[in-house]
Amino acid sequence: MTLPPIDWTTPWPWLISALLLALLFFSLWRISKETNLSAGRRAVRVGLHVLLFLSLLGLFLQPRCRSQLPAGRVLLVADEALGMEIPNEAIRRVQDSLHIRQIIMAQAFRGATDSVVLLGQAFPDNILAQLTKQVVTWVPYAAAGQLQSLRWQGIVPLGQSQTISGQIGTTKADVLRVRLGQRTLDSTWLTTGNQDFILNYPVFALGRNSPTLWLGNTLLDTLHFVVRPTARMRIRFVLTAPDFETRTLADWLGQQGHQVELTSTLSKGIGSSLAINSAVSAKNTPPDLVITDPGNVTNRLVTNTLSTDKSVLVLNVSQADADVAAVNRALHTRWQLRRVPGKDTLHIGPVLTALPYRFVLTNRLLPVPGYPVAVQPSTGRVALSLLTETFPLRLSGDSVAYNRLWLSILAQLQPTSTNNLTIEAPVYQHLPAEITLNNPTVVPARLRIGNDTINLRPAPLNTRSWTGTIRPAQPGWQPLQDTLAVYVYATEPNRAGALGPLSQRQKTAAVALAHRRYDVSRPAEARFVEKELPDWAWFILITSLLVAIWVEPKV
């Protein structure tokens, strides 16, 4: 028998205790004043009043009966109705390896054991709620072709890559691809067995994106995320004589909202300048990005830009070996190229061409996916393009390909942005998810997502980041602050798609993690449960005693 703690710092427990004692003493005093009672009748009346006092005291204290759970382990198997059926061979294999005698289906479990081994991933919420006192060990099981984990970025900056990673098991070799409509964005070849995978592709459509994930010809699920715009940059061209390529690029950058200044040197001490979207007050503001050619990499503006941790893009490389050597000397980089034998030019597409060279890949090299362009971090960031000309894309009317090309390059050269919100998808209904705010200009007291608000706390490892935990109540798109959104996946067990079983798997993993019990060989401690008398039982007991006290004098 145990008693729950009572907060004696408040007046109510003292007041209730005083009233109960006063009731007991008053009842006994009245009985003692009655002189016409026999000894037997007096004892009955005192006993009834004492029992009433003890019943009221029990209702106030709520005593609990403590009992030890029966020792032993059971294998609790996930129900077929909540996920894919677990074959009998797999059940027997786990049973034999863990030396467990008893097997129980999830719906038949009543909690009368001190140790439970969960087999599978989909268990009803009421079953998981019964495992508060038991030692829990989880043995995951996923059928062939079923995702075992999946994650991607819930918010992606425009032009950067969306990375989709996870784990899946297959019984035959097949292709895993991510598609948008009928267009394949990226794919990977899977062999048989359990294996990890990574897919990534650059994103160019602002707002809500919903590509699909396919295994062969089977649709696994739809992946929802948001693409946010990047910050507008101050860009300056430093060239001897701007050509059609750089003028076309400057015009496109201006249409994207960037502040552009195109300067050229006509002769010694004489130059010209063209400004797009630039205010007069911004003329002396250092640029975020300088675009130049190998002949101008020694320009003071170029080297000063790098020294302030900004970016430089080198275009119009013609003599690859000599030009790269000049860039390395001036900007203290370590570019290395390898010529492609037997080629005068490389065709990147129907229109795009590049010099017949490849970058020698090193740990310091960040290639731009799909293009012969790479970025090398130094004091700032230096990008080198081996493309010969890009304006033919625009002249041919393929503005989409032109946009993708330059958005991909600019995404690698963005300055450190502010107010970056990140969240890992998928986000599930009623399950916790962490959202991070990095490099804020002003730290908000809380963030608003849907109809809820969350408090932010400083991140333990990054002084420029703040984090908060959300538990969204509603599925679907939920607005985040004023301009972004987060997609919340429903957690119904029978939800169509691969993310339904994954949400159930995450619930089960959370229960197993809370019990911190993955080592099945460690001996279990004795487990106890506490049960209290329900309020309706106290009500019946007290009512019966009151009736007995009222009837007793009349008998």
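Every read-out reported here was derived from the displayed coordinates using simple, explicitly stated rules and does not represent laboratory data. The model shown is predicted, which means the values in this text are computed figures rather than measured ones. Here the Cβ is made from the backbone with ideal geometry for all residues, glycine too, and neighbour counts use every protein chain on show.
Using only Cα atoms and rounding to the nearest 10 degrees, what angle (0 to 90) does helix 11-33 make with the longest principal axis of the chain?
It works out to around 10 degrees.
Test of the criteria: in the stretch 422-512, which trypsin sites (Lys or Arg not before Pro) are in a DSSP loop and have at most 14 other Cβ atoms within 10 angstrom of their Cβ?
Here the sparse-neighbourhood loop sites are Arg464.
R0 = 45 Å: FRET efficiency of Arg339 with Met105, Cβ-based, nearest 0.05?
Approximately 0.10, to the nearest 0.05.
Given Cα pairs under 8 Å that are at least 6 residues apart, what percent is the relative contact order of the chain?
Once divided by the residue count of the chain, the mean separation gives 14 percent.
So what is the orientation-averaged projected area of the chain, using the convex hull of its C-alpha atoms, in nm²?
Over all viewing directions, the chain projects a mean Cα-hull area of 39.8 nm².
If each residue's Cβ is checked for other Cβ atoms within 10 Å, how do Asp344, Asp309 rank with the fewest at the top?
The most exposed by this proxy come first: Asp344, Asp309.
So what is the calculated 222 nm ellipticity per residue for the chain, using -39500 (n - 2.57) for each DSSP H run with n of 4 or more, over all residues, to the nearest 500 deg cm²/dmol?
That comes out to -8500 deg cm²/dmol.
Could you quote the convex hull projected area for the stretch 150-229, Cα atoms only and averaged over all directions, in nm²?
That works out to 4.7 nm², a quarter of the Cα hull's surface.
For the stretch 420-489, what is the charge dipole size about the Cα centre, in debye to the nearest 20, if Lys and Arg each add +1 at the Cβ and Asp and Glu each add -1 at the Cβ?
My answer is approximately 160 debye.
Provide the percentage of antiparallel DSSP beta bridges, counting only those with both residues in the stretch 303-388; round to the nearest 5.
The antiparallel proportion sits near 75 percent.
Just to confirm my numbers, what's the Cα centroid distance between the stretch 205-239 and the stretch 301-331 in Å?
Between the Cα centre of the stretch 205-239 and that of the stretch 301-331, the gap is 30 Å.
Of all beta bridges DSSP finds with both residues in the chain, what is the antiparallel percent, to the nearest 5?
Of the beta bridges lying entirely in the chain, close to 70 percent run antiparallel.
What is the spread of the Cα atoms of the stretch 234-411 along each of their three principal axes, largest first, in whole Å?
Sorted from largest, the Cα extents of the stretch 234-411 read 50, 39, 31 Å.
Treat every Asp and Glu Cβ in the chain as -1 and every Lys and Arg Cβ as +1, leave all other atoms uncharged, and give the resulting dipole magnitude about the Cα centre to the nearest 20 debye.
In total the dipole reaches around 1000 debye.
Could you point to the residue in Ser165, Leu431, Ala43 farthest towards the positive end of the chain's charge dipole, with +1 and -1 charges on the Cβ of Lys/Arg and Asp/Glu respectively?
Ala43
Can you tell me what share of the DSSP beta bridges in the stretch 112-185 is antiparallel? A percent to the nearest 5 is fine.
Counting DSSP beta bridges with both partners in the stretch 112-185, the antiparallel share is about 55 percent.
Just to be sure I follow the rule: in the chain, considering lysines 8 or more places apart or on different chains, how many pairs have Cα atoms under 28 Å apart?
7
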